[in-house]
Structure formats: structure tokens, C-alpha cells
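The structure appears right after this line, and notes come after that.
The values are calculated or read from the model by the stated rules, or taken from the named source; none is laboratory data. Quantities reported herein were computed from a predicted structural model and do not represent experimental measurements. Note that each Cβ is placed from the backbone with ideal geometry, even for glycine, and that neighbours are counted across all protein chains shown. In case anyone asks, the SASA skips ligands and DNA or RNA and just uses the protein heavy atoms, side chains included. Shrake-Rupley method; radii C 1.70, N 1.55, O 1.52, S 1.80 Å.
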Amino acid sequence: MDALREIRQSLRDLDVGAKPLRHFGILFGVVFGVLVAIIVYRHWGQWAVILGHPWAWGLAVAGLISLGLGYLWPRVLVRPYRLWMGFALVLGVIMSTLILSVVYYLLLTPVGLVMRLLGKNPLNRKIDRQARSYWTQRRPDTNDPKRIEKMF
């Protein structure tokens, strides 16, 4: 539920000035135009199919409306813009969770299991009852101020 609250807050904080709305309208007009061009390309030479294709007409009209509103009256696009950005934010939350889960379970977990099977302990977290301290001694040259200039 926290992710949903964050998405709602992000949508409230969204910049809905004329410039982003204009860009949104123009972008959608171009995208719809590209989709119409793909339909025309796929049915090239079959003008009866192209002229009678309902998707081509619908996308062309939507593209022209989007371009016109983007140029002339961008404030009308506030609701579609917020809806689209809400969809993008929800998709971003889902994809980031999915990608991080895949990386964790398919990459980090097997590496950790192999290291544990091989007895590696890079963080040195084993409890040593005989140790007086867990302080790690540093090399004497690490106190040299010139070391900061070349960290690697």
C-alpha cells in the first residue's frame, strides 16, 4: 500500500504545465501516426483494405486530435496525461520489483550459496571467542594523504 501512496503523491506533484502537456500531445500524435504507417505498410497495394481498416482510421483520427490539442489547447490533455503517467508509475513499480527480484534470486542467491559451500566469508562475520577485538589492522601506507588522489 505504500507504493500506491507514493504513486498518488507523485501524480499530485506532477508538472502539468503547458510544455509537458504539449510534448505529450505531440508524442502521442507521432506514435499514432507511426502505427498508421505500419498498418499502411503491411497492406501496401491493397487500398481497399487500407481505406476500410477501422484501426487505421481510428489511430489516424486519434493522432490528429492529439496533435491538434497538443499544439492548440494543451490544458485539455491534463487527464489523459495524468492517466498515462499513473500507468507508467505503476508499471515502473512492478518492473523494478520484478527486475530486483530476478537479480536477487537468480544472481545473488546462487553466488552466496556457492560462497557458503566453499567456506568463503568476505565480511568476516564468524564469531571468534578467542579474539580480543574484531578490529581489522590497516596497512601503514593507507594513512598517506596522496592515496586519496588515486583511490584505485
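Of the residues SER133, SER66, SER101, which is assigned to a loop (DSSP other than H, G, I, E, B), small (Gly, Ala, Ser) and out of contact with any strand residue (DSSP E or B) (no Cβ under 8 Å at 6 or more places or on another chain)?
Selected residue: SER133, the only one of SER133, SER66, SER101 that is assigned to a loop (DSSP other than H, G, I, E, B), small (Gly, Ala, Ser) and out of contact with any strand residue (DSSP E or B) (no Cβ under 8 Å at 6 or more places or on another chain).
With respect to GLY52, is the statement that it is among the small types (Gly, Ala, Ser) and exposed (fewer than 12 other Cβ atoms within 10 Å of the Cβ) true?
Spelling it out, GLY52 is indeed among the small types (Gly, Ala, Ser) and exposed (fewer than 12 other Cβ atoms within 10 Å of the Cβ).
Only residues in segment 5-31 that are among the hydrophobic types (A, V, I, L, M, F, W, C) count as the first member; pair them with residues that are open to solvent by 70 Å² or more (accessible area, probe 1.4 Å), Cβ under 6 angstrom, at least 6 apart or cross-chain, and list the lot.
LEU11/ARG82
For the subset of segment 11-21 comprising residues that are open to solvent by 50 Å² or more (accessible area, probe 1.4 Å) and modelled with pLDDT under 75, which member is nearest to VAL76 (Cα to Cα)?
ASP15
Restricting attention to segment 103-112, does a residue exist that is touching a residue at least 12 places away in the same chain (Cβ under 8 Å) and not polar (S, T, N, Q)?
no
What residue, among those in segment 57-92 that are of a type in the set (Val, Ile, Thr) and surrounded by 13 or more Cβ atoms within 10 Å (Cβ to Cβ), is nearest to LEU27 (Cα to Cα)?
ILE65
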